[in-house]
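Notes for the one structure printed next.
The values are calculated or read from the model by the stated rules, or taken from the named source; none is laboratory data. Remember, it's a predicted structure, so these values are computed and weren't measured experimentally. Virtual Cβ from ideal backbone geometry, glycine too; neighbours counted across all protein chains shown. Protein only, heavy atoms only, side chains kept; ligands, DNA and RNA dropped before computing areas. Shrake-Rupley method; radii C 1.70, N 1.55, O 1.52, S 1.80 Å.
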Amino acid sequence: MAEQGKVDPMHQFTIEPMFGTDHWQIAGYHIPFTNSALWMAIATLALLVFVAGGMKRQLVPGRWQMAVESMTGFVDGLLAANIGPAGKKYVPYVFSLFMFILFANVLGLLPLGIVGVHPFTFTSHFTATGVLAILSFAIVLIVGFWKHKLHFFSLFVPHGTPVVMIPLIFCIELVSFLVRPFSLGLRLFVAMMAGHVLLEVLSGFVISGLNAGLGIGPVVSILSFLLMVAICALEILVAGIQAYVFALLTSLYINDAENLH
Amino acid sequence: MPQIAQLAETYASQIFWMLVFFGFVFFVIGKGMVPKVMATVESRDKQIASDLAAAEAARAAADAQEEAWRVQANSQRAEAQALIAKAKGEAAKATETRLAAAAAKLDAQVEAADARIAEARQGALGEIEAVAVEAATDIAQRLAGLKVDAGAATSAVKEALHV
């Protein structure tokens, strides 16, 4: 990574097949178990352990059970606020989505490079976030057409639109609706990638500054390092916020499908 | 940018493993475990609500019992007061009648005693008269040698005694 004092900030996103699974194929598709898949597995396992710790079902909850219950309560409250009573049945999906993204984002930020393990943030790949975005969008479409049949298209004509404006508004609303899966997937991917690139670039500055010897070098290094510390804190915030935004937007879109306007 | 540079060779793997692991998360954690966690929360909320309702009901019952007890205590107190008053009245009446009876008895005794005294005085007076008649007759015979008639002596004694 650091060749001749240079850091390639994009190298961290490289996907590599692991454990000699490079030749795995299903129906001609190349599906090696990559470092990305490994971190998906780690996030899944961590989430499993977390939720399993809250399954004691005690009347008076312990700390762990309280933590798990506060997360389910948070998602439940989010759906109740955005969708209403009909939102209850989406709790499993939105909880899975929120927690999976949250764990992925936070695990990707762990400073495991110190012990020689490189965490991989699979939410910084649009091939991964795109799957989640398309899943959410598919649920919206299925629920919308299942519940409202073709009446679902009235979603694209807001109340009180003048008759002459209906064709134009319909097209605009349709485009904004169709953009949703892209914006949903790309927002998470871009936010996660940008943060990680920024940290890597700043760490490159720290190294370059140290290599530059006395003079301006240490100043650059120290300033960059301080900025890195601040941005690390910001990234932890972003990890939570992006997971929340993904879950929130999904619930808003599902609300459109459940209740139209 | 590896996300795009490696797109052709990695997209299938990324999508496949994403579906596998997110599928696992959704079906095992989301569908399997989350409803149980939420059911726990719900049953706890229900229990708290029912406990609060039970406590409220118990408090209302306690209030009602206290009120009933107070009413009963008041009525019992009034009853007791009435009983005391009645007993006092009866006792006063009984004392009065007994006092009256005792007074009547005493009056009767006094009367009897008076009668006896009067009788005794009468008897004593009669005896004195007889003795006086005898003595007067005797005296008259001895002193004057007169033979006084008993009737005359009696009337004379009576005259002398009752002057």
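Can you tell me the accessible area per residue over chain B, all protein chains present, probe 1.4 angstrom, in square angstrom?
That works out to 73 Å² for each residue.
Just to confirm my numbers, what's the Cα centroid distance between the stretch A:107-140 and the stretch A:213-246 in Å?
Centre-to-centre (Cα) distance: 20 Å.
Just how much of A:Glu16 is accessible, in Å², when a 1.4 Å probe is used and the result is rounded to the nearest 10?
The accessible area comes out at roughly 90 Å².
Pairwise over distinct Cα atoms, reciprocal of the mean inverse distance: report the Kirkwood radius of the protein assembly as shown in Å, one decimal place.
31.2 Å
When the solvent-accessible surface of protein heavy atoms is calculated with a 1.4 angstrom probe, in what order do A:Ile114, A:Ile142 fall, highest first?
Ranking A:Ile114, A:Ile142 by accessible area, largest first, yields A:Ile114, A:Ile142.
Where Rh denotes the Kirkwood radius from the mean inverse Cα pair distance, what is Rg over Rh for chain B?
Result: Rg/Rh = 2.11.
Could you list the residues of the stretch B:12-47 with an amide nitrogen less than 20 Å from a label point located 7 Å from the Cα of A:Lys89 in the Cα-to-C-beta direction?
Backbone N within reach: B:26-39.
Please report the carbon-and-sulfur percent of the accessible area for the stretch B:80-128; probe 1.4 Å, protein heavy atoms only, DNA, RNA and ligands left out.
Taking all protein chains in place, the stretch B:80-128 shows 64 percent carbon and sulfur surface.
Quick one: with all protein chains in place, what share of the accessible area of chain A is carbon or sulfur, to the nearest percent (1.4 Å probe)?
75 percent
Got the relative contact order for the stretch A:29-259 handy, in percent, Cα pairs under 8 Å and 6 or more residues apart?
27 percent
State in Å² the accessible area per residue of chain A; use a 1.4 Å probe, count heavy atoms of protein chains only, and round to the nearest integer.
Value returned for chain A: 50 Å² of accessible area per residue.
Suppose each label sits 7 Å from its Cα in the direction of the beta carbon; what would the A:Ile114-A:Thr21 distance come out to in nanometres?
2.9 nm
Sum -39500 (n - 2.57) across every DSSP H segment of at least 4 residues in chain A, then divide by the residue count to get the 222 nm mean residue ellipticity, nearest 500.
When only DSSP H runs of four or more count, the value is -23500 deg cm²/dmol.
If I model a spin label at A:Ile169 and A:Met10 as a point 7 Å from the Cα along the Cα→Cβ vector, what separation in nanometres do I get?
It works out to 4.4 nm between the two label points.
Extending each Cα 7 Å along its Cβ direction at B:Leu106 and B:Glu79, get the distance between those two points in nm, one decimal.
4.2 nm
Could you work out how far helix A:216-259 tilts from the main Cα principal axis of chain A, as a 0 to 90 degree angle to the nearest 10?
20 degrees
Using a 1.4 angstrom probe on protein heavy atoms only, which residues from the stretch A:6-22 are buried by at least 40 Å² of accessible area when all chains are present rather than their own chain alone?
Those residues are A:Met10, A:Ile15.
Can you figure out the FRET efficiency of B:Ala53 with A:Tyr244, using R₀ = 41 Å and their beta-carbon distance, to the nearest 0.05?
0.70
Roughly how crowded by other chains is peptide A:118-125, in terms of the mean Cβ count from those chains within 10 Å of each of its Cβ atoms?
Averaged over the peptide's residues, the number is 2.
Springs between alpha-carbon pairs under 10 angstrom, Gaussian network model over chain A: which of A:Leu248, A:Leu188, A:Leu198 fluctuates most?
A:Leu198
Can you list the GluC sites (Glu not before Pro) in the stretch B:2-56 that are in a DSSP coil and have 14 or fewer other beta carbons within 10 angstrom?
none
What accessible area, summed over both chains, is buried at the B-A interface (1.4 Å probe, Å², nearest 100)?
3900 Å²
At 1.4 Å probe size, what's the solvent-accessible area of B:Ser43? Round to the nearest 10 Å².
Taking all protein chains as shown, B:Ser43 has close to 60 Å².
Scanning chain A for trypsin sites (Lys or Arg not before Pro) in DSSP loops with at most 14 other Cβ atoms within 10 Å, what's the longest stretch left with none?
That would be A:58-261.
So for A:Tyr29, A:Tyr244, what's the accessible-area order with a 1.4 Å probe, most first?
Output order, biggest surface exposure first: A:Tyr29, A:Tyr244.
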